[in-house]
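Okay, so here's the structure we're looking at.
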Amino acid sequence: MVAKRKKKYSVGEGAQFMTRKAALKKLQLSLNDFRRLCILKGIYPREPRNRKRAQKGHTGIKTLYHVKDIQFLMHEPLIHNLRDTKVFNKKVARAKAVKDKTKLHQYLENHPTMPLDNIVKERYPTFIDALKDLDDCLTLCFLFSTFPSLAHVPRDQSALCRRLTMEFLHCIIETKALRKVFVSIKGYYYQAEIKGETITWIVPHQFAFEPQHKAEVDFKIMSTFVEFYTFLLGFVNYKLYHDFNLFYPPKFNNMVQNQNDQALVDEAAFLSERVLALNFPISKSNDVFEEDVNIDDFVSEGDSEEKIAEAKKEAERIRKLKTLFKGLKFFLNREVPREPLVFAIRCFGGEVSWDKTLFVGSTFDENDESITHQIVDRPSMPNQFISRYYIQPQWIFDSINARDLLPVNKYFMGEILPPHLSPFNDPERDQQYIPPEERALYDPTLLEQQHKKDQEAINKGDDEVEEDEAKEVDEDAKEVTTKSKLSVTKGEVYKEVPWEKSRQEKQEYRLREKMVKKKHKKLYKSMMEGKEKRAKEIWLLRKKRRLHDEKQAGEKTIKEGKSVQKKKY
Amino acid sequence: MGKPKKAAKRPFKAEIDKLEINVQKKLDAVEEESDSDYEEVDIDQPKFLQDLKVNEDDSSDSDAEIEASEEDEDHESAEEQSQEDNDDVSSDSEEEGENDGKIQKAESSSKNTKTTQKKSLVKLTRPMSSENGANSTLTNRQNEEVSANESSSEEEDEDEYKEYDTSDEEDIRCTEGNINKAWLADFKHLGYDWDGKKVIKPDTGDRLDEFLKRMEDPDFWRTVKDPQTGQNVILSDEDVELIKRIRGQQIPEKEFEEYAPWIEWFSSQVEQMPIRNFPEHKRSFLPSKDEAKKVSKLVHALKMGWIKTREEQAKLRKKKEPTFYMLWKNEDDPKVRGIHKHIPAPKRLLPGHAESYNPPPEYLFDAKEMKEWNKLKNAPWKRKHHFIPEKYDSLRKVPAYPRFIKERFLRCLDLYLCPRAIKMKLNIEPESLVPKLPSPRDLQPFPTTLAIQYKGHTDMVRAISTDHTGQYLLSGSDDCTIKIWEVHTGRCLKTIPCVGIVRSVEWCPNHDLTLVLVAAGNEILIINPGVGDFVKKSKTDSVLSLEPNQTDSIVSERVKSTVQWCLPDQELYKTGLRIQLKAFKMVSQVTWHGKGDYFGAVIPDGQSRSVLISQLSKRKSQLPFTKSKGLVQCIKFHPKKPFLFVATQRHVRIYDLLKQTQIKKLMTNSKWISTMDVHPMGNNLLVGTYDRKMLWFDLDLSRKPYQTLRLHGTAVRGVAYHKRYPLFASGSDDRSLIISHGMVYNDLLQNPLIVPLKRLQDHQPFNDFGILGVHFHPFQPWVFSCGADSTIMLYSN
């Protein structure tokens, strides 16, 4: 008897994957519903090791899902919910068509909702998991909080996003978890550290919303993401507030409305406005929250001395950073973006206020004499107080990134600002260009040197004349010496050409390079190409910088020359 | 709505004093009525009329009418009221007497203008319901009544009707009704007149007429087509003015005073007298059945939960809002099922300095980079950044990033649509891939510097060889000569002309003989070069002069047709030629056996006769192979054993000459072998190929190459082992000579060590050829190379 032949693709990679079409058929869902389900459940296609085998012999590229993922979806109660929604939509459409207002109203009142809390728990079994995946969530929520009402997007989504993101910011402020800020052309990058996880998010600049072409952006998809993310962010907020002993719907300690206001303003609206202002500390349920722990307590045997010392130093630096603006009082001018600055200042213990008419929640007036810094973004101001610095907003961000209060003189009103550098660059990585400003950050002595150089360059202009004269004298002297006829040629000392050795080594290396195994040859080649490319990039940047500096120095000398001339006249 | 009323009330200002008493009375009456009166919004027309009639009887009560009209919010009523006002006023003035006639006149004139305003307004809002129409007719009737009663005001009324047509009926000839005009577009008629006859469309003329009209007629611009009659109508100046005002969103009437002072008629002051004084209708005391029905319906709906109160609605809304609670209460719930082999999405790269709103100046694009950016419009993934770095000198000037939404959207797409896989990332330096080899400095001596150049040939030098003393160098060239050089001085000792291109030369390894073997054209020449020890020279000659007895051996026909042994004539003998083997085709290579008695030759086009082995002592040749195994490139004798290496185009075969069997077939994996050399120990073989490779075969190890060396950039044409030092060299068409260390250990377990040592490149290029032959000095670490530039070079350590 002949054994039954095994069918192809019934085991191994061929049986592990499923095309999207097959998945739709199996789940009995429309593509839209499937997409929604995938987004909510966090299911994604997989890249097989061997595509042809995974596609059961079909060539071309298909979207492949893992069979287990689809089985996982099959047991999801959300599918029933999606089917309910489908039925609901049909009912509503019918009621609309026959103009049965009462029914329509009745249906719309009881539209099916999707509880997603189980899914949040399922996707992020621990709180740390949720924190790890918070980057995209925050960025998208911050973006959506700036949106107007759109077609295909639930009406209250943007308001909900706004509320949740603001609550999150409050939490960051209370825990002083912010570490880095970067103002890019895209928006404000913030990096915070919560429970040892670094979370980075982007807040767009003002007026971020722009109508998009239909083919370019599908707001429906984004809205589905936001639907899940709002749940996630809400639960994360709750947990954070709870862990740091705060009341979850944020409350304010000593916030009493005026008698007049109480009559006029709704309590909830009043509170939410204060939340948006970001300027009031939210009340704690318990004041004994202290996070500081000595690193010594946790030293395990595996850590080396250096590492411990490094960690200690870092902890000390962060402790200092948390109270960076403590005792400083800031006043924001009207033209300065309020939200990012208030957030940044309050995260580091500063006090801040703004014009009463700009937004609710200003705590002190411009005339307050105790203000230490006024943040302005205009070239000049008619009335200035002597008791305070008038600085540009970049000072705040640069100070935070430098983890120290920078000297304000470069950031005064109307000054040309020094470049704003990204704090996310890793100085340890090799083969990367480090601009001189950044290098000066790591090593302040360099900056002084540069200053000296600049000074010298300026002084040179004056010295040149003297040098010329000196040269002439030298030449005269030389002529005298050459005139004497008695000449003895000195024996030349054999000098080793300095680059000869390196040249030889290079040549040897080049020969050795050819002995790379065939297996690694392509890899080696591509790696070397990458290296070369990076080197070229660095060279180019350095050259551009040099040219720029030279140009600027030239302009400077010309200017000074002019001023000198003026003095003379 | 408010303005006309205001205007209407103005004339009363003068009369207020007179009317005061009446008003007081009225107000008292009104006061008694509750506020609920005002809530009755719609006062039925007949009732209103009744009131009016009542009022006319005692004509002093003008205020009550105004009150009524105030409640009725209609243009029509406004108009009506104004007319009433006119009448009343005039009657009032009559009653009061003639003494203030002057005032009256002035007032009446002003009234006229006001009424006209009303009318124009009415005209503008012409599309009216039938009810309104009825109203207007009613008021007309009323007006007539009034005019009949009071003759003095008649004149004014007549005046009104002369100037303005109050009816909204126009000259309607067509009675097609309210139908779409487009339906009649294809017919000749516009509609039907009162008698039911067709109204034919007037002749409109063609385009040309229209054009001429446009050119000639100064009034063309103000000519409009009347859709009712189809005839052209020229708008009058007034019409044009009216249209202009309407289009300018002004009030159509020019004379209308927009900013007339406001009379606050119904002020907050509490009057003594009611404004109106008529009894409440009975209906207002009875509960409304209709309303009761409505209320019961609502109550039922509330009971059934179909409609919700506000509190309930708020509660429901709150229920639908996501409520957050402590989700991660006990962190280690084991039963939660997650995604199978979950791969978390990678995070986005963090921004560098270039993305800053105020980057260092070197990050900004210059013109060249900008050009590159624009060039890669269709391949944006090739760009250096995905954005153009920009510099803003202050934060307030930074605009929103236009691609922000798009970028977030793409990220969303990536998250749910991008296939994920775990990719191992190599985190190594490329240098670590380069094998660790001993430094060349530790492997000295080896040739490093160019010592001597041997110049004299006029064409490519194809082959070189040295004698066993290392004193003399033999070279064969394309200029059909062989030359003998003194190695140390570079002097050319002898030049021997040959019949054809010299492709291969080799010095006899037998130390007692001074003989060289030369492959020139179709011939194999055995030459006594006549250099070196005199005794050896003469001995060689004497050995060669001995004729072996040919009788005992029979030369087969096959061999005879391949090669013929000849003795040279006197002249050639003088040049040194001793024996001449004439082959039937071109000979490409000759090689001695280690003992110096046998020698082999390759006739590449000879098919099965391409390998020839000859014995010098017996002056005899044989063809070892009966069958061609491919294009023979090169043959070599094993230095110690009776083995023959034959390199065909793609394989190297090793034959045992005694047993006459093939021992091994080496696979080279290359397309075309050019040359080979056998290690002096005999266990290793170096093969050079035209496809740029050099193959090191360890015969004990495998039939596949032990190592493939890709040291050269082009075809390898010469390879050689050093007899004593662990060195080998290779020359190729890229003019480079590469010296390598090739240590072969006696220990069988240790593989040979190969280290490239030095690359020497001194030959000149010639017709894309570089180095053609490589040869080592027999005992010094020196190497000779001959090149297509017709020079020979000696490199010493």
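Every number in this text was worked out from the coordinates using simple rules, so none of it is lab data. Please read these numbers as outputs of a predicted model, since none were measured by experiment. Glycine gets a Cβ as well: all are built from the backbone with ideal geometry, and neighbour counts include every protein chain shown.
Does region A:318-424 classify as rounded, prolate or oblate by the C-alpha gyration tensor (a ≥ b ≥ c root eigenvalues; a/c under 1.5 gives rounded; else a/b over b/c gives prolate, otherwise oblate)?
oblate
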Looking at region A:117-277, how many pairs of lysines come closer than 13 Å at the Cα, when each pair is eight or more places apart or spans two chains?
-> 4
Taking a crude spin-label model, label points 7 Å out from Cα along the C-beta direction, the B:Ser545 to B:Phe187 distance in nm is 14.3
Stretch B:Gln649-B:Asn669 to full length: gain in nm at 0.36 nm per residue minus the Cα-Cα span?
-> 6.1 nm
Charged-residue dipole, Cβ positions (Lys, Arg, Asp, Glu), region B:687-797 about Cα centre, Debye nearest 20 | 140
With the radius of gyration and the Kirkwood radius both derived from the Cα set of region A:13-109, what is their ratio Rg to Rh?
-> 1.18
Taking the alpha-carbon centroid of each part, what is the distance from region B:442-495 to region B:600-618 in angstrom?
-> 27
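Taking the Cα centre of region A:318-424 as origin, sum charge times position over the Cβ atoms of Lys and Arg (+1) and Asp and Glu (-1), and report the length of that vector in debye to the nearest 20. Walk me through the intermediate numbers first.
Numbers: 13 positive and 12 negative charges, 92 e Å.
Result for region A:318-424 is approximately 440 debye, rounded to the nearest 20.
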Dipole of chain A, positive direction: furthest Cα of A:His242, A:Val336, A:Ala95, with charges on the beta-carbon | A:Ala95
Förster radius 41 Å - calculated FRET efficiency between B:His342 and A:Lys4, Cβ distance, rounded to 0.05 | 0.65
Computed over region B:353-393, the relative contact order (Cα-Cα under 8 Å, seq sep at least six) in percent reads 59
In degrees, nearest ten, helix A:498-513 long axis to first principal axis of chain A (Cα) | 30
In nm, give the distance between the simple-model label positions of B:Lys225 and A:Lys220, each being 7 Å from the Cα along the Cα-to-Cβ direction.
-> 4.6
At 20 °C and 1.002 mPa s, the Stokes-Einstein diffusion coefficient in µm²/s for region A:93-188, with hydrodynamic radius from the Kirkwood sum on alpha carbon pairs, is 127
Placing each pseudo-label 7 Å from Cα in the direction of the beta carbon, B:Thr495 and A:Gln206 end up separated by a distance in nanometres of 9.4
If the label point is 7 Å along Cα→Cβ of B:Lys560, which residues in region B:616-657 have backbone nitrogen under 20 Å from it?
-> B:618-626
State the extension gain, in nm to one decimal, for the chain segment bounded by A:Asn32 and A:Ser370, taking 0.36 nm per residue of separation less the distance between their alpha-carbons.
-> 115.8 nm
Chain A - Rg and Dmax from Cα coordinates, angstrom | 33.5, 124
At a Förster radius of 22 Å, what calculated FRET efficiency corresponds to the Cβ-Cβ distance of B:Arg710 and B:Leu426, to the nearest 0.05?
-> 0.50
Helix A:518-568 versus the longest principal axis of chain A: what is the Cα-based angle in degrees, 0 to 90, to the nearest 10?
-> 60
Sorted by packing (mean other beta-carbon atoms within 10 Å per residue), highest first, where do B:366-379, B:400-413, B:672-685 land?
-> B:672-685, B:400-413, B:366-379
Tally the DSSP beta bridges in chain A and give the antiparallel ones as a percent, rounded to 5.
-> 65
Partner chain coverage, peptide B:362-368 - average Cβ within 10 angstrom | 4
Helix A:31-41: inclination vs chain A longest Cα principal axis, degrees, rounded to 10, gives 70
To the nearest 0.05, the calculated FRET efficiency linking B:Leu208 and B:Leu376 through their beta-carbon distance, R0 being 60 Å, is 0.55
Charge dipole (chain A, unit charges on Cβ, about Cα centre) - positive-most of A:Ser184, A:Phe209, A:Phe280 | A:Phe209
Beta carbons within 10 angstrom, averaged per residue: use that to sort the peptides A:243-251, A:52-60, B:732-740, highest first.
-> B:732-740, A:243-251, A:52-60
Mean per-residue count of partner chain Cβ within 10 Å for A:8-15 equals 0
Mind checking the dipole of region A:13-109: about its Cα centre, +1 per Lys or Arg Cβ, -1 per Asp or Glu Cβ, Debye to the nearest 20?
-> 400
The farthest towards the positive end of the charge dipole of region B:353-393, of the residues B:Asn374, B:His385, B:Ser356, given +1 on Cβ of Lys and Arg and -1 on Cβ of Asp and Glu, is B:Asn374
With respect to the cross-link table entries A:Lys103/B:Lys315; A:Lys521/B:Lys671; B:Lys560/B:Lys629; A:Lys521/B:Lys423, which display a Cα-Cα separation exceeding 25 Å?
-> none
Which whole number gives the average count of other chain Cβ atoms within 10 Å of the Cβ atoms across peptide A:415-426?
-> 5
